[in-house]
Amino acid sequence: MRIHLLPPSPRALKVQAVAAAVGADLDVHVLDYARSEQASERFERLNPNRRQPVLEDGDFVLWESNAILIYIAQSCGPTKLWPDSLREQADVLRWLFWESSQWDLAWDILITEKLKKQVFNVSFSGRRTLGAAGAPAAPDAERLKEGALELAELCGILDRHLARRSWLCGPTCTLADYAVAAWLPVAHLVDFDLGPFQQLRIWQAKVLNQPGWPEVLAGLAQGAGRSPAMAQV
Ligand SMILES: N[C@@H](CCC(=O)N[C@@H](CS)C(=O)NCC(=O)O)C(=O)O
């Protein structure tokens with residue numbers, strides 16, 4: 001299977017961690033965002049949204065990181081990361097949808113304002129199209145405040161949920177934990193303080209010790225697989 005991605009994006013990290021956890025063999029292609037590779041005709045044929053990550057398995061092409069997680073997780077046989085029963089699967093899907101519809105967006109505001117604007121020519125914040133590398137743009141203070149407030153609210157929801165359980169869903173670690181925890185290693189890069197969220201921090205340490213994560217995080221610390229533009233982050 002071939003994967004097109006851009007570390008250190010959390011959307012890339014969670015895919016790499018799940019692949020490593022289940023032993024899926026991924027041929028990794030790191031996109032060159034500085035040269036707008038995501039906007040190239042070839043990439044647009046793979047994903048008309050021009051966003052990473054994108055998986056190719058033979059003639060099957062899949063985008064949306066959480067769909068990719070479910071596909072990769074089961075590609076090597078049954079795994080506890082994706083439980084068997086309808087209700088357990090629905091519970092995991094609940095958190096995966098929460099992750100992509102709320103959690104991802106809140107983090108993306110801070111990441112766009114604090115990091116992407118310095119690395120890429122981001123013409124507007126929030127849902128944006130990244131162009132070629134250009135002059136750094138100043139962070140939007142209002143947008144930063146809004147993002148931090150939203151994130152604190154979502155962290156509170158997670159913190160209270162985790163006060164009563166070890167994992168987000170059921171008795172074992174699942175894809176939901178992998179997807180949601182993937183954003184926490186970037187918190188210090190955007191100056192977001194996880195200090196007040198004790199249960200979240202306990203859970204984060206547990207998830208990021210699960211199979212796949214230690215090697216992905218070690219690679220991240222060494223800058224492995226980053227495009228030249230992202231090496232500045
Ligand atoms: N919901 C999508 C979001 C994908 C996404 O936003 N990817 C960003 C990562 S930085 C991207 O490729 N952005 C390119 C652009 O905005 O031009 C997923 O989870 O796969």
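Over its Cα atoms, what ratio of radius of gyration to 2.2 N^0.38 Å does the chain give? Each step should come with its number before you reach the end.
Values: Rg = 17.2 Å, N = 233, 2.2 N^0.38 = 17.5 Å.
Compared with the compact-globule rule of thumb, the chain sits at 0.98.
Taking only Cα atoms and a 10 Å spring cutoff, compute GNM fluctuations for the chain and point out the largest among 204, 89, 16.
89
Positive end of the charge dipole of the chain (Lys, Arg +1 and Asp, Glu -1 on Cβ, about the Cα centre): tell me which of 204, 46, 168 has its Cα farthest that way.
Going by the Cα projections, it comes out as 204.
State, as an integer percentage, the relative contact order of the chain based on alpha-carbon contacts under 8 Å between residues 6 or more apart.
Numbers: 326 pairs, mean separation 63.3, N = 233.
This gives 27 percent for the chain.
Lysine pairs in the chain with Cα distance under 22 Å, only those 8 or more apart or on different chains: how many are there?
Details: 14/80; 14/114; 14/116; 14/206; 80/206; 114/145; 116/145; 117/145.
The result is 8.
All other residues with a Cβ under 15 Å from the Cβ of residue 215 taken together, and with Lys, Arg as +1 and Asp, Glu as -1, what is their net charge? All intermediate terms of the calculation are to be shown ahead of the outcome.
Values: positive: 14; negative: 25.
Local net charge: 0.
Order by neighbour count: 145, 114, 14, fewest other Cβ atoms within 10 Å first, most last. Write out the running numbers ahead of the final one.
Working: 145 12, 114 18, 14 27.
With the sparsest Cβ surroundings first, the list reads 145, 114, 14.
Of the options 60, 96, 190, report the single residue whose Cα projects farthest towards the positive end of the charge dipole of the chain (beta-carbon charges: Lys, Arg +1; Asp, Glu -1).
Value: 190.
Residue separation times 0.36 nm, minus the C-alpha to C-alpha distance between residue 88 and residue 100: what's the value?
Numbers: separation 12, 0.36 × 12 = 4.32 nm, distance 1.87 nm.
Contour length minus the Cα-Cα distance gives 2.4 nm.
If each residue's Cβ is checked for other Cβ atoms within 10 Å, how do 33, 178 rank with the fewest at the top? All intermediate terms of the calculation are to be shown ahead of the outcome.
Numbers: 33 23, 178 28.
If I rank by nearby Cβ atoms, fewest first, I get 33, 178.
Mind putting a number on the dipole of the chain about its Cα centre? Charges go on the C-beta only, +1 for Lys and Arg and -1 for Asp and Glu, and I need it in Debye to the nearest 20.
Values: 24 positive and 27 negative charges, 53 e Å.
I would put it at about 260 debye.
Nearest 20 debye, what's the magnitude of the dipole of the stretch 1-80 about its Cα centre given +1 on Lys and Arg Cβ and -1 on Asp and Glu Cβ? Please list the in-between numbers first.
Details: 9 positive and 10 negative charges, 60 e Å.
Around 280 debye, computed over the stretch 1-80.
Quick one: order 59, 159 by neighbouring beta-carbon count within 10 Å, fewest to most. Please report the intermediate quantities before stating the final value.
Values: 59 5, 159 18.
Going from sparsest to densest Cβ surroundings: 59, 159.
By Kyte-Doolittle mean hydropathy of at least 0.0 and Cα axial length of at least 24 Å, which whole DSSP H helices of the chain are selected? Please report the intermediate quantities before stating the final value.
Values: long enough: 141-162 (31 Å, 0.04).
Flagged H segments are 141-162.
Please give the Cα centre distance for the stretch 41-64 versus the stretch 160-203, rounded to the nearest Å.
Distance between centres, Cα-based: 29 Å.
Which value does Rg/Rh take for the stretch 155-212 over its C-alpha atoms, Rh per Kirkwood? Before the final figure, lay out the partial values.
On the way: Rg = 10.9 Å, Rh = 11.6 Å.
We get a ratio of 0.94 for the stretch 155-212.
Separation between the residue 152 and residue 191 pseudo-spin-labels, each 7 Å from Cα along Cα→Cβ, expressed in nm?
1.4
Please compute the volume of the convex hull spanned by the alpha-carbon atoms of the stretch 1-110 and report it per residue in Å³.
On the way: hull volume 12.1 nm³, N = 110.
For the stretch 1-110, the hull spanned by Cα atoms encloses 110 Å³ per residue.
Taken together, the values in this text are just the output of simple stated rules run on the coordinates, not laboratory data. Everything numeric here is computed off the predicted structure, so don't read it as measured data. Here Cβ is always computed from backbone atoms with ideal geometry, including for glycine, and neighbour counts include all displayed protein chains.
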